[in-house]
Amino acid sequence: MIPGVNYRVIPGAPQLNLDTDELARDYDRISATRQFEFGKQLVADLGIRPGERVLDIGSGTGLLAHHIAEVVGPSGRVHGIDPLPSRIHIALDRARNRSNLSFEVSDVYDLAHLRDQSYDVIVANSVFHWLPDKTPALLTFWRLLRPAGRIGISTVAKGPRLPMQEIVSAVLSEPPFDRYPRARESLTFKVDAEEMRALFEMTGFAPSLIDVRPVEQNYATAEQAVRFLEASSFGNFLGHLPTDLVYRARVTILRRLAGIATEQGIVQQRGRLVAIAHRR
Ligand SMILES: C[S@@+](CC[C@H](N)C(=O)[O-])C[C@H]1O[C@@H](n2cnc3c(N)ncnc32)[C@H](O)[C@@H]1O
């Protein structure tokens, strides 16, 4: 497998070759007050302890893995995998001088090189909704965990379309952007609590927590909102459009988003699915 090459055949699977160093740096900064907070809560919900061996799936720029490395201490270890080289580059910088923290460029669908039962805990923070095919990913987690090992997933929950998504969809369905439709309307593959439970049960996990928590998403400006969408989708947000249309679509979206901004900025409510299970 060549890292960064989109080899999957699932229609609408996110492209892994649209990321840039700039998007990776943006993500590192933006996620510090967003995804990282969800990740720290997940680590607390999982009760990660000193000495544990933890695999961080889709580790991004490594902020959360670094935090977990502090929690597990010198007798534990944390390994992060992510298919985006620019993000792993930042993560590796973070791991310098930390003997219990490592990273590699790798895809969740290509982890055959990791040994069976070699982890106590697997963490997937803000990643699960990006995975087009959940079952093989969960079966891999099952193989990599020791018996009774824990999996923790914190992800965007399936739910009704939000105002920002309505605006983006409306713009993309207008000429000239409609000449280049996305393979699927949504970029992500979200599940709800029931689907999560069924997936755990099918793949050999016993759930101990499946919770959808309300979360307020807040962006000071339309520009901030679009930056978030671009960085957290590793370039997929408008990545389906030819380059000459990306700028036009961006400007149109910015203008319409500005129209829904209040004094508090753009505020939306969405559900966060937090799921914890252990390997049967
Ligand atoms: C929103 S970021 C979350 C990063 C990090 N976990 C955090 O908490 O900030 C989503 C991450 O999922 C990763 N990802 C997407 N598809 C993946 C796959 N097939 N295997 C592993 N990671 C994947 C992306 O590369 C990206 O870094």
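The values are calculated or read from the model by the stated rules, or taken from the named source; none is laboratory data. Only a predicted model underlies this, so the values are computations on that prediction, with no experimental measurement involved. Note that each Cβ is placed from the backbone with ideal geometry, even for glycine, and that neighbours are counted across all protein chains shown. Just so you know, the surface numbers come from the protein's heavy atoms only, side chains and all, with ligands and any DNA or RNA stripped out. Shrake-Rupley method; radii C 1.70, N 1.55, O 1.52, S 1.80 Å.
Annotations for the structure displayed:
- Segment 188-245: equivalent-ellipsoid semi-axes (sqrt of 5 x gyration tensor eigenvalues, Cα, Å): 33, 17, 7
- Each residue, residue 29 and residue 223, gets one label point 7 Å from its Cα in the Cβ direction; the gap between the two is 1.1 nm.
- A straight Cα-to-Cα reach below 17 Å connects residue 158 with the lysines 134, 190, residues fewer than 8 places away in its own chain not being considered.
- Cα gyration tensor, segment 201-280 - rounded (a/c under 1.5), prolate or oblate: oblate
- Residue (of 88, 187, 153) at the positive-pole extreme of segment 83-191, dipole from beta-carbon charges: 153
- Every helix of 4 or more DSSP H residues in the chain counts as -39500 (n - 2.57), and over all residues that averages to -11500 deg cm²/dmol at 222 nm.
- Of the accessible area of the chain, computed with a 1.4 Å probe over protein heavy atoms only, carbon and sulfur atoms account for 54 percent.
- When the Cα convex hull of the chain is projected onto planes of every orientation, the mean area is 14.1 nm².
- Charge dipole (debye, nearest 20) of the chain; +1 at Cβ of Lys and Arg, -1 at Cβ of Asp and Glu: 380
- Inter-probe distance in nm under a simple model that places probes 7 Å from Cα toward Cβ, at residue 183 and residue 213: 3.3
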